[in-house]
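Working notes for the structure below.
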Amino acid sequence: MECRICPRGCGVDRSKGARGFCGETDGIRVARAALHFWEEPCISGKNGSGTVFFSGCPLRCVYCQNREIAHGHSGKEISMERLAEIFLHLQEQGANNINLVTPTHFVPQIVKALERAKAQGLRLPIVYNTGSYECVETLQRLEGLVDIYLPDLKYVDNRLGLRYSQAADYFAVASRAIAEMVRQVGEARFYGETECQVGEAWFGGETARQVGEARFYEEAAHQEDEDPVEDELMSRGVIVRHLVLPGCSEDSKAVVRYLYETYGDGIYISIMNQFTPLADPDRYPELGRKVTSEEYDAVVDYAIELGVEHGFIQEGDTARESFIPAFDLEGV
């Protein structure tokens, strides 16, 4: 069967062992399944997000922090039945949700695993964590199964999409995909964990600050000796992430402007500064440094000036190894 799951439409028969543009056959390959504390505070909470890192990716981002599994062949092949067991085990560990990272090319198998796990008692919100290079038709297969979409919007400028992700049509594809995600789950909803009896809601180390009329939450380390700011986790909705790249602040502003003008405060916008220089320095010398505080602050200030009120920002030294877990098959 020719594979058309993602916009690459490479057409290979992955069921017969051929690898698509994503680098994968149709055998589910997972590199890690564990509690993760470095997502947005309303996703991680105190107990952590039950994160499943899938191998392979339909994008080729030259700065990818997860390139070991996205561009390589790390990970272990598992059955659909085992994937369902992993979801249930993460729930038993007290996870706040099931977080599917780079799942696009395994959507048909994930749908079956989720249906199986839900029939066996899985009750946690399902998070779909993606680079947004998605076919709308593929996303429609997830309607009713996914509660929270956590997509990137990487670029507006297609020259950047081509140079850094081998996707000259990135913005057109990603904007359509995000529109479908918003259609499916609507505006954000939250709940207290005690209300749903899945653990204690407590955003360790999270601090809030008032900037003008915009309220942003700063993503800080998971520290158990501080008081919570919020007692709620997201149960449904969309958080669109944007990673600020060196020298690309103007495109970052265009991303924020597009999202706010299109969706207002119906979605949350997460502006990230955790860029880590990983690209080939000879081919991409402009990516050989971290984002400066001036570059990042300019994007955040622009969001505030636009009127964005639902957002997340990162402060301090967030471009560090803590965001890159060990892909050591834990939990697989």
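The table below gives the values:
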{"quantity": "Candidate set: the stretch 36-46, residues that are in a loop (DSSP other than H, G, I, E, B) and within 17 Å of the chain's Cα centre (by Cα); chosen: the one farthest from residue 85 (Cα to Cα)", "calculated": "40"}
{"quantity": "Residue match in the stretch 279-298 (condition: surrounded by fewer than 16 Cβ atoms within 10 Å (Cβ to Cβ) and hydroxyl-bearing (Ser, Thr, Tyr))", "calculated": "yes"}
{"quantity": "Residue among 86, 5 that is more than 15 Å from the chain's Cα centre (by Cα), part of a loop (DSSP other than H, G, I, E, B) and at pLDDT 95 or above", "calculated": "5"}
{"quantity": "Any chance residue 43 is buried (at least 21 other Cβ atoms within 10 Å of the Cβ), within 30 Å of residue 92 (Cβ to Cβ) and touching a residue at least 40 places away in the same chain (Cβ under 8 Å)", "calculated": "yes"}
{"quantity": "The listed residue being surrounded by fewer than 23 Cβ atoms within 10 Å (Cβ to Cβ) and either farther than 26 Å from residue 244 by Cα or under 16 Å from the mean Cα position of the chain (by Cα) (or both), out of 33, 70, 95, 18", "calculated": "18"}
{"quantity": "Which listed residue, of 149, 155, 128, 133, is in contact with an Asp or Glu (Cβ under 8 Å, 6 or more places away or on another chain) and surrounded by 23 or more Cβ atoms within 10 Å (Cβ to Cβ)", "calculated": "155"}
{"quantity": "Residue pairs meeting the criteria (Cβ under 8 Å; at least 6 apart or on separate chains; first farther than 17 Å from residue 107 by Cβ, in the stretch 117-133; second assigned to a strand (DSSP E or B) and among the charged types (D, E, K, R))", "calculated": "125/236"}
{"quantity": "Selected residue (criterion: modelled with the lowest pLDDT) from residues of the stretch 237-285 that are within 19 Å of residue 166 (Cβ to Cβ) and among the charged types (D, E, K, R)", "calculated": "280"}
{"quantity": "Filtered residue count, the stretch 17-35, keeping only those that are in a loop (DSSP other than H, G, I, E, B) and touching a helix residue (DSSP H, G or I) at 6+ places or on another chain (Cβ under 6 Å)", "calculated": "5"}
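The values are calculated or read from the model by the stated rules, or taken from the named source; none is laboratory data. All figures in this text were calculated on a predicted structure; none of them were measured in a lab. Virtual Cβ from ideal backbone geometry, glycine too; neighbours counted across all protein chains shown.
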